[in-house]
Amino acid sequence: MEPDDPPPKVYGFKEREFKRDNAPASASPPPPSAKELAIMAGHADPAPQKGPPSGGVNRAADPNDAYAVLRQNRAVEQKAGLNEVDVKPPKTRRKRDFWQGLAIGYVVLVGGMAIGHFNLASVVACGSLMVFYTIGLWWIMFHILSDY
């Protein structure tokens with residue numbers, strides 16, 4: 001005879017009991033709502049007020065009034081002349097770069113004529129290349145790059 005197979009194991013989660021740490025006391029009132037908090041703070045009317053931003057209260061004597069501090073800061077800035085802005089054209093190195101590029105390009109082209117032993121074909125070819133190179137460099141430096 002065969003021995004009896006043991007019953008299969010059943011896997012699962014056991015029941016858990018959760019303990020609530022911050023249980024509300026039954027005698028305490030519910031926390032106040034946002035509207036009740038605003039009423040307690042003195043801001044019961046949420047409608048926009050007409051008048052000074054301080055809510056109609058004269059706060060000139062209050063040393064922590066932000067608007068008064070900002071007015072004082074603004075007066076000091078105006079007195080020191082810090083509000084005036086000088087508009088200067090941006091400094092560019094475009095002209096210097098143009099002349100440097102032109103000089104380097106001409107040196108290369110004259111070197112090409114020297115390699116060609118200054119015969120008529122090399123002089124005409126390098127002369128026309130100098131014209132095209134100058135126009136192209138000028139176009140790139142002063143038309144295309146002027147937008148940047």
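The values are calculated or read from the model by the stated rules, or taken from the named source; none is laboratory data. Given the structure is predicted, the values throughout are model-derived calculations rather than measurements. For neighbour counting, all protein chains shown are included, and Cβ atoms are generated from backbone atoms with ideal geometry for every residue, glycine included.
Suppose we keep only residues that are of a type in the set (A, V, I, L, M, F, W, C) and surrounded by 11 or more Cβ atoms within 10 Å (Cβ to Cβ) within the stretch 69-98. Which one would you say is farthest from the chain's Cα centre (by Cα)?
The extreme case among them is Phe98.
Quick check on Ala27: is it modelled with pLDDT under 80, part of a loop (DSSP other than H, G, I, E, B) and either on the phi > 0 side of the Ramachandran plot or of a type in the set (Gly, Ala, Ser) (or both)?
In short, yes.
Mind listing whichever residues of the stretch 120-139 are aromatic (Phe, Trp, Tyr) and closer than 12 Å to Leu109 by Cβ?
If we filter the stretch 120-139 for residues that are aromatic (Phe, Trp, Tyr), which is where we start, we get 132-133, 138-139.
Phe132, Tyr133, listed by residue number.
Here is a yes/no grid of residues against (1) in contact with a Gly (Cβ under 7 Å, 6 or more places away or on another chain); (2) not in a helix (DSSP H, G or I):
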{"residue": "Ala75", "(1), (2)": "no, no"}
{"residue": "Thr92", "(1), (2)": "no, yes"}
{"residue": "Lys95", "(1), (2)": "no, no"}
{"residue": "Trp99", "(1), (2)": "no, no"}
{"residue": "Tyr106", "(1), (2)": "no, no"}
{"residue": "Phe118", "(1), (2)": "no, yes"}
{"residue": "Tyr133", "(1), (2)": "yes, no"}
{"residue": "His143", "(1), (2)": "no, no"}
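For the stretch 77-89, how many residues meet the condition of being of a type in the set (Lys, Arg) and assigned to a loop (DSSP other than H, G, I, E, B)?
Selection size over the stretch 77-89: 1.
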